[in-house]
Structures are given as structure tokens and as C-alpha cells.
Amino acid sequence: MPELKAIASQIRRDIVRMVHGSSSGHPGGSLGCADFLTALYFQVMKHDPNFNMNATNEDVFFLSNGHISPVFYSVLARSGYFDVKELATFRKINSRLQGHPATHEHLPGVRIASGSLGQGLSAAIGAALTKKLNKENTTVFSLHGDGELDEGQIWEAAMFAPHHKVDNLIATIDWNGQQIDGPTDKVMSLGNIRQKFDAFGWTTLEMNGNDMDDVIATLDKAKSLTGQGKPIAIMMHTIMGKGVDFMENDHNWHGIAPNDEQLAKALAQLPETMGDY
Amino acid sequence: MSLKDIQSTGNKDTRSGFGDGIVEVARKNENVVALTADLAGSMKLQQFMKEFPERFVQVGIAEANMIGIAAGMTIGGKIPYTTTFANFSTGRVYDQIRQSVAYSGKNVKICASHAGVTLGEDGATHQILEDIGLMKMLPGMTVIVPCDYAQTKAATMAIAEYEGPVYLRFGRPVWPIFTKESDFKIGKAQIFSEGTDVTIFACGHMVWNAIQAGIELEAKGISVEVINIHTIKPLDEEAVLASIKKTKCVVTAEEHNIIGGLGDAIAQVASRHFPVPIEYVGTKDTFGESGTPKELLKKYGLDVPDIVAAAEKAIQRKK
């Protein structure tokens, strides 16, 4: 198995190839979160690629910002949930790899549909409550876009988790400062997200989501803080489009696909480390 | 059995059937958990909270979060019952139910009280008359509207053993009890009388009114079939068709908009297989208002004389 940074490079290749292959999808946030998801699935989480919906005695991950499905699907396939060849069916007719993740087609690794934003933190809390009722010593992880924090349900959930001491939950916010219509500061000011979660009663951490060493160290720290009566939130600074120079920090790459020429240019920047699908 | 022989054995609100049913099923099934959005008292959860404090989740006034948490709790095998008023159980959280519960195939039981105009004085903000339609349109959603305390209790218990998302709709007012718990089976229509002139299909509180209307019609020499469609989806099409082939005309009675509810479900079966005249007793594409349940049922055309008149009209249209 290649080291984590090399795996992340392959994941990024998969992302741009998948989005190019269906001429649609969301490369920007997917590229930005590639290091985080690689760290989770290839090192941090205790999980079984022989998929079991109930996730008994496993750590579990919820992708709330479902539009970054390319990175999720690539990481699932590369860690053994299904054949990497299936990545070629992304967003095509009769595929299990729907535009946004779903359980409906029974894709291994997906435990709830997401796409309509703001719902994943509630689902993660629910799974965490069940793990507590079942007396499991496991952790629930979730990922949310910063733009997604515009949704009111996120703050309902943010209020619930500390009140009910959901301390087996690590929620990560992808703080890249971009959303579809432009920079988050222009679309809807988020202010200091970390201070908001602090005020709601969470234990908060901050990391550079595109520095693998920092990601691993911060996730390890977060895990060490579970079981202490408070949920944990990580403010993850990422660059939208990270790894492909012409996509970086440009909200226009939130939800469009590269053309043939752009694909070639992107792949030239991303070493093939595990073999393309 | 004649309709006249159907006696009320007492009076109780259907929501108390829910409160008693969830305690009884929770004693048998340790996976049953209850969630509420600051309405534990109105939803009659006091006993459940006392017996199973660790299986009770207070969410506060945050229905969207409640639905999402319930969906998440199914992962690991819990059977979550979400509880609030019907309006806040459905319209307020439609997308949460659609994506996190129905599309995701989660085993969540959405339990909704205070449905329809019989909520009374609180008025139209709280009197949802569109919820049956909203829920039955969702692929994979089962929709159950029991008619009295005993049936609500039976349904509350039965859905724990029934895999998949369920919408269970009941209400606030004290209402006659006239069924036995053992009468209830999900998806199986309950036939109160056999007749040849007209079929009255009803659900919820309107089943009692349909029986009273049937008694009046029988006194006029009309032979009436009264059928309780407590499970609107999946619909007992076999029972519906068997009845309309015999009586050749229909009245539907529901505490719901005639657009989207029980009437629509029956009409679709009839139009596909055996078209007959159908008269609809329900609210006529309108919101409710404040008043007593009795006053509102009368004003919105849901009273016994309205069903009698609809039956006579349906029979007339056969000729």
C-alpha cells in the first residue's frame, strides 16, 4: 500500500477522471477534501469494507455535503468497498454511483442519502446515540461544507449534541470559504465558525486539511478527546480544487467538469500511484 | 353484523392509544426508542419516559433535526418513533423525510397526533389537512390512519415489527372506542357491514361517523357496506374492488383535503379497474379555522348528515 500522500494523489486522479467521464459533478470540494478522506479511510477509522449497514463495532463516517461524492466514491473503492472499475459509471444511467450518494442502489459504504444539504449532522448524531445505547466504544465522523452551515438544521443539531453529551462524534467542517454563488463572505457571512461551535458547547480543533501530517495529528487528537462529555468539531482549512493549479481557490470549479484539454493538464499534475481504474 | 350492533365501549383520544401502545411494544422490543420535539405530554409519552428514560430522546423544538436523528439511529438497529403534531411531522420536514428516511429506506416510524380539523381551537396553523397526500406520495412510505383508541394502540405496536418507514396519523379529541385491538392488521381493510347499494370507505375519526351514517341509511332501507381503510398505503385493492363491484357506487370519508387523500387513492383503483360514481366527503381544498371539533366537522362538511347525503347522491348517480 502506498503512503497516504500517494494514495491521495490517486484519489485526485480518480476525481477529475470521474467528473470528466460524466461531464458533470463537483471537482472543487472533492479535491479539497481528498487528504481528509484518505486519512480517515486508510488510517484513522476502524472499519470493515465487507459492508454492514448497521456498522456494529465499527467507526462510521457520514458525508453531509453529498455533492463531493467523487472523493467519497473513490476512497470507498480504493479501500475495498467495491471494484474501482465501477468508478467509470459515476453519474451514468443504471449506476450505483448516483450524482449524490444514496443507499437506494445499495452501494457498499453509503449508509444514508445526502445531497439536500444540512441533514448529515443529525444523522451522525443519531448513529452516535445508537452506538451509545449499544454500549459500543466506537466513533462517528461526519463532514460538512462551510456553505452548508447556511442551513438551519445544522444549528439545531449543533445545539443538540452538547446538550445530550454526544461525545463519540467528531464533525469536520470543510472551511474553504467558497460556495456555488461565490465566496462565503459574499453569499452569506459565516463569521468565526470555530467561535460559533465553541459557544454551542463543542470542543473545537483547527487544522490544515491539505497537510497530511496535520490531518493525521489532529484526527488523532480529536479521537483522544472523545468520551469526555462533549462533541468535537474540527475546523478544516482547505483549498477548493487543491492539487490542480487552475482549479485552486476558484468557486467556478465547484460544480463543473473539465474538458479533454483541462483533464490532460490536471492529470499531468497528479502522479498515478495505484493504477487508474 | 348490522351496523346498529356496533357499540361504543367507551371514549378516549386516539393519541392515548399511541401512548399506551408504545409502552407495551417497548416492553417487548428493546430496540424501540421514542423521540419528541417538545411535545412529550401532548403525545402521551409520560409512561414511556418513566419506564425507559434511556430510550427517550428530547430533541427540543427542532423537528428537522428529530427526523435526521431518527434516521441515523436506525443504523445499529434501533426502531425510532418520532412524535409531534401531524403538521410538524410532515409538511415542516418533508425534505428530511424524503431524503433521510424514505429515499434512504430507513426504519423510522413517524407518529403524528392532532391531525385534521378535530384539533379544534388552535386553528389552521396546526390543523394539517394535506399530510396523508404528502406521505403517500413518497415511494416506500406506508400510511396508516387508525380509527379509535384501540386501533391506534394496535397499530402503534404492529409497526415495530413491520420493516420500513411508516406514517402513523391520529388525533386529539376524545372519540368513541368501537374496535378491538385484534381486529387490526396492516394493509387489511376492516369491513363493518356488508351491503349492496353503496360502499362507504372511511379512515380515522370519520369511520365512526360513517357507521352512524350507515345506520341512518339502513333505516331508510338502503343496504350499506362500511369499510375502514386504516391503511391507505399499501391499499387493500382486493377489498376495495370486491366491494365496489358489488355496490357499484362509493362514498369516501376522511378528515383531510379531498385532493390527495383516501378519496384519491380509492378513485385511482376504481378508474383503473372498475369505474363507478364516487362522492367525496372531506375538506374541499381549504384551510381549517378555530372552533370546537364538533363545530368544525359540521362547518367543513364532515358530519354524519354529509355522509348520508353523499351516499344518496352516489346511489342516484348510478341510475
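The values are calculated or read from the model by the stated rules, or taken from the named source; none is laboratory data. Nothing here was measured: the structure is a model prediction, and the numbers come from that model. Glycine gets a Cβ as well: all are built from the backbone with ideal geometry, and neighbour counts include every protein chain shown. Just so you know, the surface numbers come from the protein's heavy atoms only, side chains and all, with ligands and any DNA or RNA stripped out. Shrake-Rupley method; radii C 1.70, N 1.55, O 1.52, S 1.80 Å.
Show me the helices (runs of 4 or more DSSP H) entirely contained within the range A:1-92 in which 3 or more residues are within 11 Å of the chain's Cα centre (by Cα) and over 30 Å from A:Glu136 (Cα atoms).
Details: elements: A:4-22, A:27-32, A:34-39, A:69-78.
Helices (runs of 4 or more DSSP H) meeting the threshold: A:27-32.
Testing B:Asp5 on (1) modelled with pLDDT under 95; (2) buried (at least 20 other Cβ atoms within 10 Å of the Cβ), one condition comes back false. Which one is that?
The single condition B:Asp5 does not satisfy is (2).
Mind listing whichever residues of the range B:291-305 are surrounded by 14 or more Cβ atoms within 10 Å (Cβ to Cβ) and touching a residue at least 60 places away in the same chain (Cβ under 8 Å)?
Scanning the range B:291-305 gives B:Gly291, B:Pro293, B:Leu296, B:Leu297, B:Tyr300, B:Leu302, B:Asp303, B:Val304.
Okay, residues lined up against (1) open to solvent by less than 50 Å² (accessible area, probe 1.4 Å); (2) within 22 Å of A:His237 (Cα to Cα); (3) within 9 Å of another protein chain (Cβ to nearest Cβ); (4) in a loop (DSSP other than H, G, I, E, B):
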site: A:Leu117; (1), (2), (3), (4): no, yes, no, yes
site: A:Gly126; (1), (2), (3), (4): yes, no, yes, no
site: A:Leu129; (1), (2), (3), (4): yes, no, yes, no
site: A:Thr172; (1), (2), (3), (4): yes, yes, no, no
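Given the conditions (1) in contact with a strand residue (DSSP E or B) (Cβ under 7 Å, 6 or more places away or on another chain); (2) part of a helix (DSSP H, G or I); (3) surrounded by 24 or more Cβ atoms within 10 Å (Cβ to Cβ), which single one is not true for B:Met49?
Every condition holds for B:Met49 apart from (3).
Give the residues of the range B:61-71 that are within 7 Å of chain A (Cβ to nearest Cβ) and surrounded by fewer than 24 Cβ atoms within 10 Å (Cβ to Cβ), sorted by residue number.
Filtering the range B:61-71 for residues within 7 Å of chain A (Cβ to nearest Cβ) gives B:62, B:64-65, B:68-71.
Scanning the range B:61-71 gives a single hit, B:Ala62.
Inspect the range B:155-178 for any residue being closer than 18 Å to B:Glu279 by Cα and at pLDDT 95 or above and give the result as yes or no.
Here is the first cut: in the range B:155-178, the ones closer than 18 Å to B:Glu279 by Cα are none.
Looking for residues that are closer than 18 Å to B:Glu279 by Cα and at pLDDT 95 or above, one finds none in the range B:155-178, hence no.
Suppose the filter is buried (at least 24 other Cβ atoms within 10 Å of the Cβ) and more than 8 Å from every other protein chain (Cβ to nearest Cβ); does B:Thr74 pass it? Break it down into steps so the answer makes sense when it comes.
Values: buried (at least 24 other Cβ atoms within 10 Å of the Cβ): yes; more than 8 Å from every other protein chain (Cβ to nearest Cβ): no.
For B:Thr74, the condition - buried (at least 24 other Cβ atoms within 10 Å of the Cβ) and more than 8 Å from every other protein chain (Cβ to nearest Cβ) - is not met.
Identify, please: which residue in the range A:234-256 is aliphatic (A, V, I, L, M) and open to solvent by 20 Å² or more (accessible area, probe 1.4 Å) and is, among those, farthest from A:Arg194 (Cα to Cα)? First the steps, then the outcome.
Quick first cut of the range A:234-256, residues aliphatic (A, V, I, L, M) only: A:234-236, A:239-240, A:244, A:247, A:256.
Narrowing further to those that are open to solvent by 20 Å² or more (accessible area, probe 1.4 Å): A:239, A:256.
Values: A:Ile239: 18, A:Ile256: 30 Å.
Ranking the qualifying residues of the range A:234-256, first place goes to A:Ile256.
Considering the range A:138-164 alone, what residues qualify as being among the hydrophobic types (A, V, I, L, M, F, W, C) and open to solvent by less than 20 Å² (accessible area, probe 1.4 Å)?
Taking the range A:138-164 first, the residues among the hydrophobic types (A, V, I, L, M, F, W, C) are A:140-141, A:143, A:149, A:154-155, A:157-161.
Selection gives A:Val140, A:Phe141, A:Leu143, A:Leu149, A:Ile154, A:Ala157, A:Ala158, A:Phe160, A:Ala161.
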